[in-house]
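The values are calculated or read from the model by the stated rules, or taken from the named source; none is laboratory data. Values in this document were obtained by computation on a predicted structure and should not be read as measured data. Please note: Cβ atoms are built from the backbone with ideal geometry, for glycine as well, and neighbour counts cover all protein chains shown. Keep in mind that these areas ignore ligands, DNA and RNA; they rest on the heavy atoms of the full protein, side chains included. Shrake-Rupley method; radii C 1.70, N 1.55, O 1.52, S 1.80 Å.
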Amino acid sequence: MTDTPEHKETFESFRKSFFYGTRSDMSFKFLAHLSDDQVTSFFQGLLAKLVDAYDSGDTAPVYEHLRQGQILSYAQEARAVYDTGPFTPMNASLSHARLMLLTSSGHFVKGDDPNPLGIENMTQVQAEQQIKSFLKESPALSAIPVDTPTDRLVVRHGGYDVRGARRDPDVNLPLQRLRELSVDGVFAGLCDPAYSFVGACSQVRLLKKDGPDWVQRFKAKKADAALLVPV
């Protein structure tokens, strides 16, 4: 069968397909903000560095090439700018402070699925396909006891590639690292539970609506400060 014009995929649609995507590979969603020429150059460089890595056994240049591609993309992407905003200094020194962990990573405890959008057992692929619907909903907090074993943690988020977070939850839900720092006396203690939600920058309006109630919840736990881990 020969391709007809209506079935052919343009290079532009290909590079944009990784963004909340059609191909469900969020690692390369930054390609959507590059031009066709920039993406062509990126892939040519990537292939060359993969061949070099095969010959030399040194994969560091491959990682650096990926990082530089992301830097180039995000430097071109429009970003929200806020001229003013609330700022509340800590009243206690860090060594005497109780911290509340809050992440936008999309983690929850196995058996306590928030069932986003009313969908039970939503898969990661479904979350990526439904990301625009997520952004219209008020973000839901998932409470995560700070002593939750790693094998009880689940992560699902339509806005980023969760494979790294599945392999190591401390990538963006650093409970183990914080427990260690607390034992070492870096801060006084970690409030229980920690909280996570599916976040995205376009939810600013919704977060402003729900945020004050969250703050009151954190204060009820005697938190001196919240450690925010954005994704």
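Just to be sure I understand, how many residues within segment 99-122 are outside any loop (DSSP other than H, G, I, E, B) and crowded, with 18+ Cβ neighbours inside 10 Å? Don't jump to the end; show me each part of the working.
From segment 99-122, those outside any loop (DSSP other than H, G, I, E, B) are 99-103, 105, 107-109, 116-118; that's our starting set.
This time we only want the ones that are crowded, with 18+ Cβ neighbours inside 10 Å, so: 99-103, 105, 107-108, 116.
Number of matching residues: 9.
If you scan segment 116-171, which residues turn out to be of a type in the set (Ser, Thr, Tyr) and more than 17 Å from GLY199 (Cβ to Cβ)? Walk me through it before giving the result.
As a first pass, look at segment 116-171 and keep what is of a type in the set (Ser, Thr, Tyr): 123, 133, 138, 142, 148, 150, 160.
Of everything in segment 116-171, those that are of a type in the set (Ser, Thr, Tyr) and more than 17 Å from GLY199 (Cβ to Cβ) turn out to be THR123, THR148, THR150.
Could you grab the pairs with beta carbons closer than 7 Å, sequence gap of 6+ or different chains, first residue in segment 167-188 and of a type in the set (Gly, Ala, Ser), second one assigned to a helix (DSSP H, G or I)?
GLY185/SER95; ALA188/SER95; ALA188/HIS96
Taking PHE42 as meeting all but one of (1) of a type in the set (Phe, Trp, Tyr); (2) at pLDDT 90 or above; (3) open to solvent by 20 Å² or more (accessible area, probe 1.4 Å), write down the number of the exception.
(3)
Considering (1) in a loop (DSSP other than H, G, I, E, B); (2) at pLDDT below 95, say which one ASP58 fails and leave the rest.
(2)
For ALA48, are the conditions met, namely being of a type in the set (A, V, I, L, M, F, W, C), out of contact with any strand residue (DSSP E or B) (no Cβ under 7 Å at 6 or more places or on another chain) and at pLDDT below 90? Quick ask: steps written out before the conclusion?
On the way: of a type in the set (A, V, I, L, M, F, W, C): yes; out of contact with any strand residue (DSSP E or B) (no Cβ under 7 Å at 6 or more places or on another chain): yes; at pLDDT below 90: no.
Criteria not met by ALA48.
With respect to the numbered conditions (1) at pLDDT below 85; (2) on the phi < 0 side of the Ramachandran plot; (3) under 24 Å from the mean Cα position of the chain (by Cα), which one is the sole condition not fulfilled by SER24?
(2)
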